[in-house]
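The values are calculated or read from the model by the stated rules, or taken from the named source; none is laboratory data. What you are looking at is a predicted structure, and each value in this text was computed from that prediction instead of being measured. Positions of Cβ are backbone-derived with ideal geometry, glycine not excepted, and every protein chain shown enters the neighbour counts. All accessible areas refer to the heavy atoms of the entire protein, side chains included, with ligands and DNA or RNA removed. Shrake-Rupley method; radii C 1.70, N 1.55, O 1.52, S 1.80 Å.
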Amino acid sequence: MVLLTVLDVLLVVIGGAGMVYQGACILISLFSKPVRFPDAPMDKRYAVLISARNESKVIGNLIDCIHRQTYPTDLIDIWLVADNCTDDTADVVRAKGCHVVERHNDKLIGKGYALTYLLDHMVDEGLADTYDAYFVFDADNKLDEHYFEEMNKAFQSGFRILTSYRNSVNLNDNWVSSGSALWFIRESRFLNNSRMLFGSSCHVGGTGFMFSKEVMKRNKGWKFHLLTEDLEFTMDSVLHGDRVGYCGTAILYDEQPVTFAQSWRQRLRWSKGFLQVFRYYGPSLIRRAVRERDFSAVDFTLLLCPFTVLGVARVLLGALFAAFGFVSWASQLGSLAGWANGIVLSVLGMMALAGLTIVAERGHIGATNKELFAYVLAFPIYMLSYIPISFQAIFSKAQWKPIAHKG
(Lines give C-alpha, C1' and ligand atoms only; values in the text may rest on other atoms or scores of the structure.)
Protein backbone atom coordinates (compact mmCIF):
# COMPACT_ATOMS: atom_id res chain seq x y z
CA MET A 1 0.00 0.00 0.00
CA VAL A 2 2.75 2.42 0.96
CA LEU A 3 4.68 1.59 -2.21
CA LEU A 4 1.62 2.27 -4.35
CA THR A 5 1.08 5.57 -2.59
CA VAL A 6 4.73 6.56 -3.12
CA LEU A 7 4.49 5.76 -6.84
CA ASP A 8 1.23 7.70 -7.13
CA VAL A 9 2.80 10.70 -5.45
CA LEU A 10 5.90 10.50 -7.67
CA LEU A 11 3.81 10.34 -10.84
CA VAL A 12 1.64 13.28 -9.77
CA VAL A 13 4.54 15.42 -8.54
CA ILE A 14 6.81 14.76 -11.53
CA GLY A 15 4.01 15.11 -14.05
CA GLY A 16 2.68 18.25 -12.37
CA ALA A 17 6.12 19.81 -12.08
CA GLY A 18 6.79 19.10 -15.74
CA MET A 19 3.52 20.70 -16.83
CA VAL A 20 4.04 23.78 -14.66
CA TYR A 21 7.58 24.20 -15.97
CA GLN A 22 6.45 23.85 -19.59
CA GLY A 23 3.74 26.41 -19.00
CA ALA A 24 6.22 28.84 -17.44
CA CYS A 25 8.58 28.39 -20.40
CA ILE A 26 5.80 29.15 -22.87
CA LEU A 27 4.69 32.26 -21.02
CA ILE A 28 8.14 33.76 -20.61
CA SER A 29 9.00 32.98 -24.21
CA LEU A 30 5.86 34.67 -25.50
CA PHE A 31 6.17 37.84 -23.46
CA SER A 32 9.94 38.39 -23.30
CA LYS A 33 12.35 39.50 -25.96
CA PRO A 34 14.69 36.71 -27.13
CA VAL A 35 18.39 36.93 -26.35
CA ARG A 36 20.41 38.69 -29.04
CA PHE A 37 24.20 38.61 -29.21
CA PRO A 38 26.34 41.64 -30.11
CA ASP A 39 28.33 41.83 -33.33
CA ALA A 40 31.72 40.14 -33.12
CA PRO A 41 34.80 40.00 -35.34
CA MET A 42 34.67 37.13 -37.81
CA ASP A 43 38.16 35.85 -37.11
CA LYS A 44 37.70 32.46 -35.42
CA ARG A 45 38.59 29.26 -37.22
CA TYR A 46 36.00 26.50 -37.20
CA ALA A 47 35.90 22.83 -38.14
CA VAL A 48 32.67 21.25 -39.37
CA LEU A 49 32.26 17.60 -38.35
CA ILE A 50 29.83 15.47 -40.36
CA SER A 51 29.10 11.77 -39.93
CA ALA A 52 27.58 10.32 -43.10
CA ARG A 53 26.53 6.85 -44.17
CA ASN A 54 25.45 6.56 -47.80
CA GLU A 55 24.40 10.22 -48.04
CA SER A 56 25.61 11.07 -51.55
CA LYS A 57 22.14 12.35 -52.50
CA VAL A 58 22.05 15.08 -49.85
CA ILE A 59 25.57 15.87 -48.64
CA GLY A 60 26.25 18.27 -51.50
CA ASN A 61 23.40 20.52 -50.35
CA LEU A 62 24.95 20.98 -46.91
CA ILE A 63 28.42 21.67 -48.30
CA ASP A 64 27.01 24.23 -50.73
CA CYS A 65 25.19 25.94 -47.84
CA ILE A 66 28.43 26.18 -45.91
CA HIS A 67 30.26 27.59 -48.93
CA ARG A 68 27.59 30.29 -49.28
CA GLN A 69 27.92 31.57 -45.70
CA THR A 70 28.38 35.24 -44.90
CA TYR A 71 31.14 34.13 -42.55
CA PRO A 72 34.58 33.92 -44.30
CA THR A 73 34.64 30.42 -45.79
CA ASP A 74 38.45 30.28 -45.65
CA LEU A 75 38.02 30.05 -41.87
CA ILE A 76 35.70 27.02 -42.13
CA ASP A 77 37.09 23.56 -42.85
CA ILE A 78 34.71 20.69 -43.56
CA TRP A 79 35.61 17.25 -42.21
CA LEU A 80 33.43 14.25 -43.08
CA VAL A 81 33.69 10.72 -41.79
CA ALA A 82 32.30 8.33 -44.41
CA ASP A 83 31.00 5.75 -41.96
CA ASN A 84 30.62 2.26 -43.47
CA CYS A 85 29.57 3.79 -46.78
CA THR A 86 28.78 1.59 -49.77
CA ASP A 87 28.01 4.48 -52.14
CA ASP A 88 30.12 7.36 -53.48
CA THR A 89 29.61 9.76 -50.55
CA ALA A 90 33.37 10.07 -50.00
CA ASP A 91 34.04 10.87 -53.67
CA VAL A 92 31.28 13.50 -53.78
CA VAL A 93 32.71 15.26 -50.73
CA ARG A 94 36.32 15.10 -51.96
CA ALA A 95 35.25 16.59 -55.27
CA LYS A 96 33.96 19.62 -53.35
CA GLY A 97 37.35 20.17 -51.73
CA CYS A 98 36.55 18.83 -48.25
CA HIS A 99 38.48 16.53 -45.92
CA VAL A 100 37.28 12.93 -45.89
CA VAL A 101 38.13 10.15 -43.44
CA GLU A 102 36.74 6.70 -44.26
CA ARG A 103 35.71 4.36 -41.47
CA HIS A 104 34.85 0.65 -41.75
CA ASN A 105 33.64 -0.91 -38.53
CA ASP A 106 30.48 -3.04 -38.41
CA LYS A 107 30.81 -3.75 -34.68
CA LEU A 108 30.77 -0.25 -33.18
CA ILE A 109 27.86 1.33 -35.04
CA GLY A 110 26.47 4.81 -34.57
CA LYS A 111 27.16 8.49 -34.96
CA GLY A 112 28.98 8.71 -31.63
CA TYR A 113 31.59 6.15 -32.68
CA ALA A 114 32.00 7.84 -36.06
CA LEU A 115 32.64 11.25 -34.45
CA THR A 116 35.16 9.66 -32.08
CA TYR A 117 37.01 8.15 -35.03
CA LEU A 118 37.02 11.45 -36.91
CA LEU A 119 38.25 13.58 -34.02
CA ASP A 120 40.85 10.98 -33.04
CA HIS A 121 42.19 11.17 -36.60
CA MET A 122 42.36 14.96 -36.43
CA VAL A 123 44.14 14.84 -33.07
CA ASP A 124 46.62 12.19 -34.25
CA GLU A 125 47.42 14.27 -37.34
CA GLY A 126 48.04 17.34 -35.17
CA LEU A 127 45.20 19.27 -36.84
CA ALA A 128 42.62 19.51 -34.05
CA ASP A 129 44.40 22.36 -32.25
CA THR A 130 44.19 24.62 -35.31
CA TYR A 131 40.48 25.24 -34.69
CA ASP A 132 38.79 27.41 -32.07
CA ALA A 133 35.60 25.34 -32.07
CA TYR A 134 33.81 22.49 -33.82
CA PHE A 135 30.37 22.33 -35.42
CA VAL A 136 28.40 19.08 -35.74
CA PHE A 137 25.88 18.63 -38.56
CA ASP A 138 23.98 15.75 -40.14
CA ALA A 139 24.38 15.16 -43.85
CA ASP A 140 20.78 16.10 -44.69
CA ASN A 141 20.99 19.55 -43.07
CA LYS A 142 20.69 22.91 -44.78
CA LEU A 143 21.73 26.23 -43.25
CA ASP A 144 20.61 29.82 -43.38
CA GLU A 145 23.37 31.87 -45.00
CA HIS A 146 23.99 33.79 -41.75
CA TYR A 147 24.27 30.64 -39.62
CA PHE A 148 28.00 30.78 -38.90
CA GLU A 149 28.00 34.55 -38.49
CA GLU A 150 25.29 34.31 -35.82
CA MET A 151 26.84 31.35 -34.00
CA ASN A 152 30.18 33.16 -34.01
CA LYS A 153 28.56 36.09 -32.19
CA ALA A 154 27.26 33.77 -29.47
CA PHE A 155 30.56 31.92 -29.24
CA GLN A 156 32.54 35.13 -28.85
CA SER A 157 30.13 36.31 -26.17
CA GLY A 158 31.52 33.59 -23.92
CA PHE A 159 29.61 30.33 -24.50
CA ARG A 160 31.76 27.23 -24.91
CA ILE A 161 28.85 25.05 -26.09
CA LEU A 162 25.99 26.25 -28.28
CA THR A 163 22.93 24.91 -30.02
CA SER A 164 20.81 26.58 -32.70
CA TYR A 165 17.26 26.99 -34.01
CA ARG A 166 16.12 23.71 -35.58
CA ASN A 167 13.62 23.91 -38.41
CA SER A 168 12.72 21.37 -41.13
CA VAL A 169 12.85 21.26 -44.91
CA ASN A 170 9.83 18.96 -45.21
CA LEU A 171 7.37 19.95 -42.49
CA ASN A 172 4.49 19.97 -44.97
CA ASP A 173 5.14 16.51 -46.48
CA ASN A 174 2.59 14.78 -44.24
CA TRP A 175 1.38 14.47 -40.65
CA VAL A 176 4.42 12.39 -39.63
CA SER A 177 7.05 14.88 -40.78
CA SER A 178 4.96 17.78 -39.44
CA GLY A 179 4.71 16.16 -36.00
CA SER A 180 8.47 15.79 -35.74
CA ALA A 181 9.12 19.26 -37.17
CA LEU A 182 6.69 20.98 -34.81
CA TRP A 183 8.27 19.17 -31.88
CA PHE A 184 11.72 20.54 -32.71
CA ILE A 185 10.43 24.04 -33.44
CA ARG A 186 8.61 23.98 -30.09
CA GLU A 187 11.80 22.94 -28.34
CA SER A 188 13.72 25.83 -29.91
CA ARG A 189 11.04 28.49 -29.43
CA PHE A 190 9.59 27.58 -26.06
CA LEU A 191 12.28 25.58 -24.24
CA ASN A 192 15.78 26.60 -25.26
CA ASN A 193 14.74 30.20 -25.75
CA SER A 194 13.21 30.26 -22.26
CA ARG A 195 16.23 28.54 -20.74
CA MET A 196 18.37 31.37 -22.06
CA LEU A 197 16.01 33.87 -20.44
CA PHE A 198 16.09 31.90 -17.17
CA GLY A 199 19.88 31.82 -17.28
CA SER A 200 19.97 28.01 -17.26
CA SER A 201 21.53 25.49 -19.62
CA CYS A 202 19.98 24.50 -22.94
CA HIS A 203 19.60 21.09 -24.54
CA VAL A 204 21.90 20.20 -27.44
CA GLY A 205 20.00 18.55 -30.29
CA GLY A 206 21.44 15.81 -32.44
CA THR A 207 22.61 18.32 -35.02
CA GLY A 208 23.33 22.03 -35.35
CA PHE A 209 25.55 22.50 -32.31
CA MET A 210 29.12 23.53 -31.56
CA PHE A 211 31.69 23.12 -28.81
CA SER A 212 34.99 24.84 -28.13
CA LYS A 213 38.50 23.45 -28.41
CA GLU A 214 38.73 23.50 -24.62
CA VAL A 215 35.67 21.27 -24.30
CA MET A 216 37.08 18.93 -26.96
CA LYS A 217 40.36 18.63 -25.05
CA ARG A 218 38.56 18.00 -21.76
CA ASN A 219 36.62 15.18 -23.39
CA LYS A 220 39.73 13.93 -25.23
CA GLY A 221 37.87 14.18 -28.51
CA TRP A 222 34.38 12.70 -28.49
CA LYS A 223 33.53 10.16 -25.79
CA PHE A 224 29.75 9.84 -26.11
CA HIS A 225 28.43 6.58 -27.54
CA LEU A 226 24.94 5.99 -26.10
CA LEU A 227 21.96 5.85 -28.47
CA THR A 228 21.31 9.55 -27.83
CA GLU A 229 24.87 10.84 -27.84
CA ASP A 230 23.67 14.46 -28.03
CA LEU A 231 21.70 14.12 -24.78
CA GLU A 232 24.64 12.35 -23.16
CA PHE A 233 26.92 15.21 -24.20
CA THR A 234 24.47 17.73 -22.71
CA MET A 235 24.26 15.93 -19.36
CA ASP A 236 28.02 15.53 -19.13
CA SER A 237 28.50 19.23 -19.88
CA VAL A 238 25.98 20.28 -17.24
CA LEU A 239 27.70 18.07 -14.67
CA HIS A 240 30.98 19.80 -15.55
CA GLY A 241 29.35 23.15 -14.81
CA ASP A 242 29.05 24.32 -18.41
CA ARG A 243 26.09 26.42 -19.46
CA VAL A 244 24.95 25.34 -22.91
CA GLY A 245 23.81 28.39 -24.86
CA TYR A 246 21.18 28.82 -27.57
CA CYS A 247 21.44 31.05 -30.62
CA GLY A 248 17.93 31.51 -32.02
CA THR A 249 19.11 33.58 -34.98
CA ALA A 250 21.21 30.70 -36.36
CA ILE A 251 18.70 28.62 -38.32
CA LEU A 252 19.26 25.03 -39.40
CA TYR A 253 16.91 22.89 -41.49
CA ASP A 254 16.87 19.11 -41.43
CA GLU A 255 14.80 16.40 -43.05
CA GLN A 256 12.20 14.55 -40.97
CA PRO A 257 11.01 10.95 -41.51
CA VAL A 258 7.93 10.75 -43.71
CA THR A 259 6.71 7.24 -42.89
CA PHE A 260 5.33 6.20 -39.54
CA ALA A 261 7.59 3.13 -39.51
CA GLN A 262 10.71 5.31 -39.91
CA SER A 263 9.48 7.71 -37.26
CA TRP A 264 8.69 4.86 -34.86
CA ARG A 265 12.15 3.35 -35.31
CA GLN A 266 13.85 6.71 -34.78
CA ARG A 267 11.83 7.60 -31.69
CA LEU A 268 12.30 4.10 -30.26
CA ARG A 269 16.05 4.71 -30.39
CA TRP A 270 15.59 8.11 -28.74
CA SER A 271 13.38 6.63 -25.99
CA LYS A 272 15.87 3.85 -25.31
CA GLY A 273 18.64 6.46 -25.32
CA PHE A 274 16.78 8.54 -22.72
CA LEU A 275 16.61 5.49 -20.45
CA GLN A 276 20.33 4.86 -20.96
CA VAL A 277 21.24 8.46 -20.18
CA PHE A 278 19.07 8.47 -17.05
CA ARG A 279 20.71 5.27 -15.88
CA TYR A 280 24.23 6.67 -16.25
CA TYR A 281 23.66 10.35 -15.46
CA GLY A 282 20.38 10.58 -13.52
CA PRO A 283 21.80 9.98 -10.01
CA SER A 284 24.60 12.52 -10.57
CA LEU A 285 22.11 15.09 -11.85
CA ILE A 286 19.89 14.61 -8.81
CA ARG A 287 22.88 15.00 -6.47
CA ARG A 288 23.97 18.16 -8.29
CA ALA A 289 20.44 19.55 -8.15
CA VAL A 290 20.33 19.03 -4.37
CA ARG A 291 23.90 19.95 -3.42
CA GLU A 292 24.58 22.77 -5.87
CA ARG A 293 20.98 23.99 -6.18
CA ASP A 294 21.61 23.95 -9.92
CA PHE A 295 18.38 24.72 -11.77
CA SER A 296 19.76 23.19 -14.97
CA ALA A 297 20.23 19.90 -13.14
CA VAL A 298 16.61 20.08 -11.89
CA ASP A 299 15.41 20.87 -15.42
CA PHE A 300 17.20 17.91 -16.98
CA THR A 301 16.25 15.55 -14.18
CA LEU A 302 12.61 16.25 -15.09
CA LEU A 303 13.47 15.80 -18.78
CA LEU A 304 15.14 12.42 -18.23
CA CYS A 305 12.80 11.03 -15.59
CA PRO A 306 11.51 7.64 -16.88
CA PHE A 307 7.83 8.49 -16.46
CA THR A 308 6.72 5.48 -18.51
CA VAL A 309 8.81 3.10 -16.39
CA LEU A 310 7.20 4.49 -13.23
CA GLY A 311 3.75 4.21 -14.82
CA VAL A 312 4.28 0.59 -15.87
CA ALA A 313 5.61 -0.27 -12.41
CA ARG A 314 2.57 1.36 -10.83
CA VAL A 315 0.11 -0.62 -12.98
CA LEU A 316 1.89 -3.94 -12.43
CA LEU A 317 2.16 -3.45 -8.67
CA GLY A 318 -1.47 -2.36 -8.47
CA ALA A 319 -2.58 -5.50 -10.30
CA LEU A 320 -0.34 -7.67 -8.11
CA PHE A 321 -1.62 -6.15 -4.87
CA ALA A 322 -5.22 -6.47 -6.06
CA ALA A 323 -4.67 -10.12 -7.01
CA PHE A 324 -3.46 -10.87 -3.47
CA GLY A 325 -6.29 -8.92 -1.89
CA PHE A 326 -4.24 -6.08 -0.42
CA VAL A 327 -6.26 -3.53 -2.37
CA SER A 328 -9.51 -3.69 -4.29
CA TRP A 329 -9.75 -4.03 -8.04
CA ALA A 330 -12.23 -1.14 -8.00
CA SER A 331 -9.59 1.20 -6.57
CA GLN A 332 -7.09 0.22 -9.26
CA LEU A 333 -9.65 0.62 -12.01
CA GLY A 334 -10.45 4.03 -10.56
CA SER A 335 -6.78 4.97 -10.83
CA LEU A 336 -6.72 3.86 -14.47
CA ALA A 337 -9.86 5.90 -15.15
CA GLY A 338 -8.14 8.94 -13.67
CA TRP A 339 -5.16 8.39 -15.96
CA ALA A 340 -7.50 8.09 -18.94
CA ASN A 341 -8.99 11.49 -18.10
CA GLY A 342 -5.48 12.84 -17.92
CA ILE A 343 -4.73 11.48 -21.38
CA VAL A 344 -7.82 13.21 -22.80
CA LEU A 345 -6.71 16.50 -21.28
CA SER A 346 -3.20 15.97 -22.62
CA VAL A 347 -4.59 15.51 -26.14
CA LEU A 348 -6.33 18.87 -25.92
CA GLY A 349 -3.20 20.41 -24.46
CA MET A 350 -1.03 19.04 -27.27
CA MET A 351 -3.38 20.43 -29.91
CA ALA A 352 -3.17 23.81 -28.20
CA LEU A 353 0.62 23.55 -28.02
CA ALA A 354 0.89 22.73 -31.71
CA GLY A 355 -1.40 25.63 -32.57
CA LEU A 356 0.53 28.00 -30.35
CA THR A 357 3.83 26.91 -31.93
CA ILE A 358 2.44 27.60 -35.38
CA VAL A 359 1.09 31.03 -34.39
CA ALA A 360 4.33 32.05 -32.66
CA GLU A 361 6.61 30.77 -35.44
CA ARG A 362 4.39 31.24 -38.51
CA GLY A 363 7.14 33.15 -40.32
CA HIS A 364 9.45 30.14 -40.07
CA ILE A 365 6.92 27.52 -41.16
CA GLY A 366 6.41 26.90 -44.84
CA ALA A 367 2.93 25.42 -45.21
CA THR A 368 -0.56 26.60 -46.09
CA ASN A 369 -3.05 27.45 -43.36
CA LYS A 370 -5.19 24.48 -44.41
CA GLU A 371 -2.24 22.12 -44.05
CA LEU A 372 -1.30 23.58 -40.69
CA PHE A 373 -4.84 23.14 -39.36
CA ALA A 374 -4.71 19.46 -40.32
CA TYR A 375 -1.30 19.08 -38.68
CA VAL A 376 -2.59 20.59 -35.43
CA LEU A 377 -5.34 17.97 -35.37
CA ALA A 378 -2.84 15.19 -36.13
CA PHE A 379 -0.18 16.32 -33.63
CA PRO A 380 -1.78 14.51 -30.64
CA ILE A 381 -1.68 11.24 -32.60
CA TYR A 382 2.02 11.73 -33.22
CA MET A 383 2.67 12.53 -29.56
CA LEU A 384 0.42 9.82 -28.09
CA SER A 385 2.30 7.22 -30.14
CA TYR A 386 5.19 7.94 -27.76
CA ILE A 387 3.30 5.93 -25.10
CA PRO A 388 3.67 2.52 -26.81
CA ILE A 389 7.11 3.55 -28.11
CA SER A 390 8.28 4.36 -24.58
CA PHE A 391 6.78 1.09 -23.34
CA GLN A 392 8.58 -0.89 -26.05
CA ALA A 393 11.84 0.92 -25.23
CA ILE A 394 11.82 -0.56 -21.72
CA PHE A 395 12.11 -4.10 -23.07
CA SER A 396 13.61 -3.74 -26.55
CA LYS A 397 17.23 -3.60 -27.64
CA ALA A 398 17.03 -0.59 -29.92
CA GLN A 399 19.96 -0.01 -32.26
CA TRP A 400 21.15 2.84 -34.42
CA LYS A 401 19.90 2.47 -37.99
CA PRO A 402 20.27 4.99 -40.82
CA ILE A 403 17.24 6.77 -42.29
CA ALA A 404 17.30 7.31 -46.03
CA HIS A 405 17.07 10.97 -47.10
CA LYS A 406 15.72 12.19 -50.39
CA GLY A 407 17.21 15.71 -50.34
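For beta carbons closer than 8 Å, sequence separation of 6+ or different chains, a first residue in region 210-224 that is polar (S, T, N, Q) and a second that is part of a helix (DSSP H, G or I), the qualifying pairs are Ser212/Phe155; Asn219/Asp236.
Number of residues in region 219-262 that are surrounded by fewer than 21 Cβ atoms within 10 Å (Cβ to Cβ), of a type in the set (S, T, N, Q) and part of a helix (DSSP H, G or I): the value is 1. For region 283-326, the candidate set comprises residues that are among the basic types (Lys, Arg) and in contact (Cβ under 8 Å) with a residue 40 or more places away in the chain; within that set, the residue that is least open to solvent (accessible area, probe 1.4 Å) is Arg314. Restricting attention to region 201-256, the residues being within 21 Å of Leu143 (Cβ to Cβ) and over 17 Å from the mean Cα position of the chain (by Cα) number 2. The residue pairs whose first member lies in region 179-193 and is charged (D, E, K, R), whose second member is open to solvent by less than 10 Å² (accessible area, probe 1.4 Å) and in a helix (DSSP H, G or I), and whose beta carbons are closer than 7 Å, counting only pairs six or more residues apart or on different chains, are Arg186/Thr357; Arg189/Ser29; Arg189/Thr357.
Restricting the search to helices (runs of 4 or more DSSP H) fully inside region 82-166 and requiring at least 3 residues that are open to solvent by 60 Å² or more (accessible area, probe 1.4 Å) gives 89-95, 111-124. When the criteria are applied in full, Asn54 fails the requirement of being closer than 21 Å to Thr228 by Cβ and open to solvent by 10 Å² or more (accessible area, probe 1.4 Å).
Please work out if Asp74 is among the charged types (D, E, K, R), within 22 Å of Lys213 (Cα to Cα), open to solvent by 60 Å² or more (accessible area, probe 1.4 Å) and outside any loop (DSSP other than H, G, I, E, B). So Asp74 passes the test. For region 367-387, the set of residues classified as under 13 Å from Ser177 (Cα atoms) and either open to solvent by 10 Å² or more (accessible area, probe 1.4 Å) or over 19 Å from the mean Cα position of the chain (by Cα) (or both) consists of Ala367, Glu371, Leu372, Ala374, Tyr375, Val376, Ala378, Ile381, Met383, listed by residue number.
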